[in-house]
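The values are calculated or read from the model by the stated rules, or taken from the named source; none is laboratory data. None of the values given here were measured: they were computed from a predicted structure. Here the Cβ positions follow ideal geometry from the backbone for every residue, glycine too, while neighbour counts run over all protein chains shown. Heavy atoms of the whole protein, side chains included, go into the accessibility calculation; ligands, DNA and RNA do not. Shrake-Rupley method; radii C 1.70, N 1.55, O 1.52, S 1.80 Å.
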Amino acid sequence: MIYNHEGVRQTVVSENLKDPRGVAATAGVVYVLDVDGIKVFDRKGTFSGAKAAGLFKDPKNIFSAHGMLYVADYGNGQVQILDKGDFSVRKVIKDPLVGPFDVSADLQTRDIYVADPVAGVVFHFNDGGDFVERIDPMTIKGFISPRGVRVRGSMIYVADYERILGFKKGVLAIRPALKID
């Protein structure tokens, strides 16, 4: 479904979708990560094409920033970074990833963060894809199963099983737990 800024549903997107895994929207374009590639829609929900077919193995999520699409390619144990214009692979990040489930990029520094529940950590890479650090808190039982990550300003938010953890410059803070029914 596509909603406007007031939260009113505008349209339902279901055409040409097989098994949608994630969605990213930028400048009136909606990118839906599907089991067999990336489906592209305009803001009204009109299908405009399928891209990157056969490129991923069990993809989990997609993020859009800096003219790129970042795809957590769980089955291949990597993150693929594609150019939004021609969908060419610009970069592949593999080591030390095990089972990447989500990916996010810092809008200012362009650093890349990957939630990896198989490894039980969030990996931090610089904008060139070079490994920087493992984010693995020693308090509150560490991560249980980090499945989502987003970066906003100086904060890194991690969706971890039944809780959201927020980090600011190495300081751990707990946010209200989200329950999924």
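Annotations
- Considering residues of segment 148-162 that are out of contact with any Pro (no Cβ under 8 Å at 6 or more places or on another chain) and in a strand (DSSP E or B) only, the residue surrounded by the most Cβ atoms within 10 Å (Cβ to Cβ): Val149
- Residue in segment 122-133 that is at pLDDT 90 or above, open to solvent by less than 50 Å² (accessible area, probe 1.4 Å), closer than 18 Å to Gln80 by Cα and touching a Ser or Thr at 6+ places or on another chain (Cβ under 6 Å) present: no
- Every condition in (1) open to solvent by less than 20 Å² (accessible area, probe 1.4 Å); (2) under 26 Å from Ile164 (Cα atoms); (3) over 12 Å from the mean Cα position of the chain (by Cα) is met by Pro100 except one, and the failing one is (3).
Residue-wise test of (1) open to solvent by 40 Å² or more (accessible area, probe 1.4 Å); (2) modelled with pLDDT under 95.
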site	(1), (2)
Val13	no, yes
Asn16	yes, yes
Pro20	yes, yes
Ala27	yes, yes
Ile81	no, no
Leu107	yes, yes
Tyr113	no, no
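- Residues of segment 134-172 satisfying the condition of being within 22 Å of Thr109 (Cα to Cα) and modelled with pLDDT under 70: Lys169, Gly170, Val171, Leu172
- Comparison of Ala65, Ala119 shows that the only residue that is under 15 Å from Tyr31 (Cα atoms) and surrounded by fewer than 23 Cβ atoms within 10 Å (Cβ to Cβ) is Ala65.
- Note on segment 129-138: among residues that are assigned to a loop (DSSP other than H, G, I, E, B) and touching a residue at least 24 places away in the same chain (Cβ under 8 Å), the one that is nearest to Met155 (Cα to Cα) is Pro137.
- Inspection of segment 115-123 identifies at least one residue that is assigned to a strand (DSSP E or B) and either among the basic types (Lys, Arg) or in contact (Cβ under 8 Å) with a residue 40 or more places away in the chain (or both).
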